[in-house]
Amino acid sequence: MNLSQKILGVTFTNPTVLASGIWGITAASWREVARSGAGAVTTKSLWLKEHQGHRNPTIISTDYWTLNAVGVPDAGPEKAKEEIGSFNEDKPVPLIANIIAESIENYGLTAEEILKLKPDFLEVNISCPNIEDEFGRPFACSAPDAAAVTNAVKAVSKKTPVFIKLSPNVENIGAIAVACAKEGADGFTVINTVGPGMAIDLRSRMPILANKVGGMSGRAIKPIAVKCIADVYSATEGKLPIIGTGGVYTGEDAIELMLAGASLIGIGTALADRGADVFAKVCDEIQLWCTNEGINKITDLIGGMHKELASRKIETVSDTSTS
Ligand SMILES: Cc1cc2nc3c(=O)[nH]c(=O)nc-3n(C[C@H](O)[C@H](O)[C@H](O)COP(=O)(O)O)c2cc1C
């Protein structure tokens, strides 16, 4: 089966995407990931100026979850220019540039700066939960703030599609997606890390992370990612592409996120477990599953759960109640 798709004018040979903040920030590491089978790469979050991250320890992992409080460190735009420029020389796969800022105005300025490097998509990180000490609640936690950031970025990004990276840590992610869509968002990345969470060292009785709290990723967050993707897909009537991200380790995980509404699949924490060739492995597993199920087109999977519910005249999931 052919795994390729064209999304907003960009061709992806397969749906897997290196998630933001994982596997370094250099052209060499993006090339390595592309050689290992990724359909696209996302840069770590890029700031307008150099930004210091948090003190170590910044990461703790178990088999089920990872907590990270790296604090979005970045060497600044000169380094981004160098690395993205080098990657662009023979760009093996599409590049998604992820940007972040501390104010709405600076989102616009950062987008302007990074667009000069000609990324295929802009991904706007408004949802990092581990820099709340520094900057307060993420913009993704308020519909008017999320809409204002979208407006500022869309004002300067006339041609390059803009994906807003949403937070699961909200009451109604669908309403936030709709607010961004009204300002011209071209797509969404769903989700960023969950929480923040905390882990305590029993002997010292101290939080393990120097930042005390960190965003949660990995296997344990997949059901939250599935629900958030389903909500965003429903709220936007399946009209805007979604990069589904959160807890994907296997081809079957990827298919589940596609049935909820994702077109592309971000993979982050699983790299530590399954290695850089997790992308090729996930693609092989998607192929195998689709062959066994008699599915010929990868795009037939996207939003499949919603179609199934509709065919049975069952309302799709869109509210936040659990009881
Ligand atoms: C160590 C680490 C660093 C991350 N850095 C970023 C970042 O710079 N920008 C961003 O938008 N997301 C960042 N994320 C979030 C991931 O891109 C992804 O949304 C999240 O980890 C869920 O996917 P996963 O379960 O496959 O890891 C980071 C995650 C981890 C674990």
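Remarks
- Checked against (1) under 24 Å from A146 (Cβ atoms); (2) of a type outside the set (S, T, N, Q); (3) in contact (Cβ under 8 Å) with a residue 40 or more places away in the chain, I84 passes all but condition (1).
- In the stretch 11-38, the residues that are touching a residue at least 40 places away in the same chain (Cβ under 8 Å) reach residues that are in a helix (DSSP H, G or I) and among the polar types (S, T, N, Q) with C-beta atoms within less than 7 angstrom, at least six apart or across chains, in these pairs: W23/S29; A27/S86.
- Every pair of residues 6+ apart whose Cβ atoms lie under 8 Å, when the first sits in the stretch 291-303 and is more than 24 Å from S234 (Cβ to Cβ) while the second is at pLDDT 95 or above: N296/C290
- Of the helices (runs of 4 or more DSSP H) lying entirely inside the stretch 218-323, those containing at least 1 residues that are more than 16 Å from the ligand (Cβ to nearest atom) and under 21 Å from the mean Cα position of the chain (by Cα) are 222-235, 251-260, 278-293, 304-311.
- Among the residues of the stretch 55-68, just one is more than 9 Å from the ligand (Cβ to nearest atom) and either of a type in the set (A, V, I, L, M, F, W, C) or buried (at least 21 other Cβ atoms within 10 Å of the Cβ) (or both), namely I60.
- If the condition is being surrounded by fewer than 24 Cβ atoms within 10 Å (Cβ to Cβ) and part of a helix (DSSP H, G or I), then the stretch 89-113 contributes I104, E105, N106, G108, L109, E112, E113.
- Of all residues in the stretch 1-40 being in a loop (DSSP other than H, G, I, E, B) and hydrophobic (A, V, I, L, M, F, W, C), the one that is nearest to the ligand (Cβ to nearest atom): A19
- All positions within the stretch 114-154 that are assigned to a loop (DSSP other than H, G, I, E, B), within 15 Å of the ligand (Cβ to nearest atom) and either surrounded by fewer than 20 Cβ atoms within 10 Å (Cβ to Cβ) or not small (G, A, S) (or both): P119, I126, C128, P138
Here's the yes/no breakdown for (1) under 25 Å from G215 (Cβ atoms); (2) polar (S, T, N, Q); (3) in contact with a Ser or Thr (Cβ under 7 Å, 6 or more places away or on another chain):
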position	(1), (2), (3)
G244	yes, no, no
I265	yes, no, yes
A270	yes, no, no
D273	yes, no, no
V278	yes, no, no
L288	no, no, no
L309	no, no, yes
T316	no, yes, yes
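The values are calculated or read from the model by the stated rules, or taken from the named source; none is laboratory data. Note that this is a predicted model, so its numbers are computed, not measured. Note: ideal-geometry Cβ built from the backbone for every residue, glycine included; neighbour counts use all protein chains shown.
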